[in-house]
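Submitted below is the structure of interest, expressed as structure tokens.
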Ligand code: SF4
């Protein structure tokens, strides 16, 4: 969904293992689908930005990603390092 402040929340069903950590920290916003046992976003329009991020941070498998206007906000992408490694002595 694209909601407040241009935020888009996606839940990867392949990464979600139904641990329900997101539903614990943001109840009523993230819920577990009874059939699939995967997390889904509900009441997105009522969610605060803090609740959306709290759920994403609580997820042990990083199944929840948040973008703002198409730019990844969470989880952070660690850029690759370039250049030669320092010589080992
Ligand atoms: S915390 Fe992560 S793994 Fe657990 S239900 Fe939520 S999205 Fe799925």
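Read the figures in this text as sums done on the coordinates, not as results from a lab. Remember, it's a predicted structure, so these values are computed and weren't measured experimentally. Neighbour counts are summed over all protein chains in view; Cβ atoms, including those assigned to glycine, are modelled from backbone coordinates with ideal geometry.
Assuming a ≥ b ≥ c are the square roots of the Cα gyration tensor eigenvalues, decide whether the range 1-81 counts as rounded (a/c under 1.5), prolate (otherwise, with a/b larger than b/c) or oblate.
Oblate, since a/c reaches 1.5 and b/c is not below a/b.
Within 10 Å, count the other beta carbons around each residue, average over each peptide in 55-66, 28-39, and list them highest first.
Averaged packing, sorted descending, gives the order 55-66, 28-39.
Given the DSSP H assignment, sum -39500 (n - 2.57) over each helix run of at least 4 residues in the chain and divide by its residue total; what's the result at 222 nm in deg cm²/dmol, nearest 500?
Helices in the chain give a 222 nm mean residue ellipticity of -4500 deg cm²/dmol.
Residue separation times 0.36 nm, minus the C-alpha to C-alpha distance between residue 46 and residue 24: what's the value?
Computed gain between residue 46 and residue 24 is 6.3 nm.
In addition: On a 0 to 90° scale, report how tilted helix 49-58 is relative to the longest principal axis of the chain, with both axes built from alpha carbons and the result rounded to the nearest 10.
Computed tilt is about 60 degrees.
Rank by packing, highest mean first: peptides 47-53, 72-78, with packing defined as the count of other Cβ atoms within 10 Å averaged across residues.
With the highest mean Cβ count within 10 Å placed first, the list reads 47-53, 72-78.
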